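The values are calculated or read from the model by the stated rules, or taken from the named source; none is laboratory data. Every value quoted in this text rests on a predicted model; they were computed, and no experiment measured them. As a convention, Cβ positions derive from the backbone with ideal geometry for all residues, glycine included, and neighbour counts pool all protein chains shown. These accessible areas exclude ligands, DNA and RNA; they are computed on the full protein's heavy atoms, side chains included. Shrake-Rupley method; radii C 1.70, N 1.55, O 1.52, S 1.80 Å.
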Amino acid sequence: MRILLASDGSPQARGAEVLAEWLCYKLSAKLLVLYVRDVRLVRVPELLDFGALTIPLPAYREELEKALTLKGEVLLERLRKSAEEAGIPVETHMETGLPHEVILRHARSSDLLVLGRSGEAHGGSFAGLGSTVDRVLRASPTPVLLAPTDYVEIEGALLGYNASESAVRALHTLAALARPLGLFVRVVSVHEDPVRAGAWALEAETYLRDQGLRAEALAFAGDPAEHLLALQSPSDLLALGAPVRRLVLGSTAEHVVRHAVGPVLTVR
């Protein structure tokens, strides 16, 4: 198994860094660490109009590139050393480009992508989704695990299940993770028709039990996002399908990833 961690070294990414290493240790997976030098930062001087001012732009750009490279080297060395001390096989990569494009390209050859919910550009007080994370979620070919800023060890799991194609993929992905982690899974199905909601929940519960997992089926009426968020504790991995229509994330997935108190696993 190959787990890709994309980090910009910001405090908001620390939870993702620790969670990715913990998952690799528990799952006997290989850790791939990616740092992207944002080409937009390197090109900022080219895009500014300084009027009559005389500024040595090539020299400024070169110094900025050196600073970004040094930051990446320090970050990658720290994460490489930490993984090796834990006995985890690790590869590090540093590239220049648009962060979401580079991350998506590396995600194609990974089994799981781990990210923080935002990065350095948004500051530590920002509570929403960063623009890079938002773009990755809407296009990732690989399941994405969004980690909160503060690391928590995963102790249980919630699955939002409505029998859609993306929900079925989320079910299978969660089962593959929950089995080696020994997680108890609560299946949450929501529909105004209680019979349909119960049938969905039982369908997923049966699959999980046949995979050797402990599982419980829960059926509700109302708003799916509200039920999932109310049931999640900080140590619960919340998994759900994240359908994308015309490059827009489904409303339930959008609300959950923005307001969850713990880690969220999305599968397109």
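Suppose all protein chains stay in the model; what accessible area per residue would a 1.4 Å probe give for the chain, in Å²?
48 Å²
Treating the angle as unsigned and between 0 and 90°, give the value, to the nearest 10°, between the Cα long axis of helix 57-85 and the longest Cα principal axis of the chain.
Computed tilt is about 40 degrees.
Please give the helix 194-210 orientation as an angle from the longest Cα principal axis of the chain, in degrees from 0 to 90, rounded to the nearest 10.
Roughly 80 degrees between the two axes.
Roughly how big is the range 148-223's charge dipole about its Cα centre, with Cβ charges of +1 (Lys, Arg) and -1 (Asp, Glu), in debye to the nearest 20?
It comes to approximately 260 debye.
Could you sort the peptides 159-166, 88-95, 236-243, 31-38 by per-residue average Cβ neighbour count (10 Å cutoff), highest mean leading?
Result, highest mean Cβ count within 10 Å first: 236-243, 31-38, 159-166, 88-95.
Could you tell me the calculated FRET efficiency between E65 and A139, based on Cβ-Cβ distance and R0 = 30 angstrom, to the nearest 0.05?
The value I calculate is 0.65.
Subtract the Cα-Cα distance of L231 and R78 from 0.36 nm times their separation in residues, and report this length gain in nm to one decimal.
Additional length available on full extension: 51.5 nm.
Which FRET efficiency value, to the nearest 0.05, is calculated for S164 and E85 with the Förster distance at 41 angstrom and r the Cβ-Cβ distance?
Calculated value: 0.45.
What does the charge dipole of the chain about its Cα centre add up to, to the nearest 20 debye, if the Cβ of each Lys and Arg holds +1 and the Cβ of each Asp and Glu holds -1?
In debye, rounded to 20, the chain gives about 440.
Under 14 Å from a point placed 7 Å out from the Cα of L41 along the Cα-to-Cβ direction: which residues of the range 68-110 have their backbone N that close?
Counting only backbone N, you get 68-76, 94-100.
So in the chain, what percent of DSSP beta bridges are antiparallel if you round to the nearest 5?
10 percent
So what is the 222 nm mean residue ellipticity for the chain from helices alone, if each DSSP H run of at least 4 adds -39500 (n - 2.57) and you divide by all residues, rounding to the nearest 500 deg cm²/dmol?
For the chain, the value works out to -14000 deg cm²/dmol.
Classify the range 177-223 from the C-alpha gyration tensor, please: rounded if a/c falls under 1.5, else prolate or oblate depending on whether a/b exceeds b/c.
Judged from the Cα gyration tensor, the range 177-223 comes out prolate (a/c at least 1.5, a/b above b/c).
Pull out a ≥ b ≥ c, the square roots of the eigenvalues of the alpha-carbon gyration tensor of the chain, then state rounded if a/c is under 1.5, prolate if not and a/b is larger than b/c, and oblate in the remaining case.
In terms of gyration-tensor shape, prolate.
Return the carbon/sulfur percentage of the accessible area of the range 104-200, one whole number, probe 1.4 Å, all protein chains in place.
Roughly 49 percent, rounded to a whole number.
Would you kindly find the accessible area of R78, with a 1.4 Å probe and non-protein molecules such as ligands, DNA and RNA excluded, rounding to the nearest 10 Å²?
Here the accessible area works out near 90 Å².
When a/c is below 1.5 the answer is rounded, else prolate if a/b is larger than b/c, else oblate, so apply that to the range 56-116 with a ≥ b ≥ c taken from the square roots of the Cα gyration tensor eigenvalues.
Oblate is the answer for the range 56-116, as a/c is 1.5 or above yet b/c matches or exceeds a/b.
Between E153 and R105, how many nm apart are label points set 7 Å from Cα along the C-beta direction?
3.8 nm
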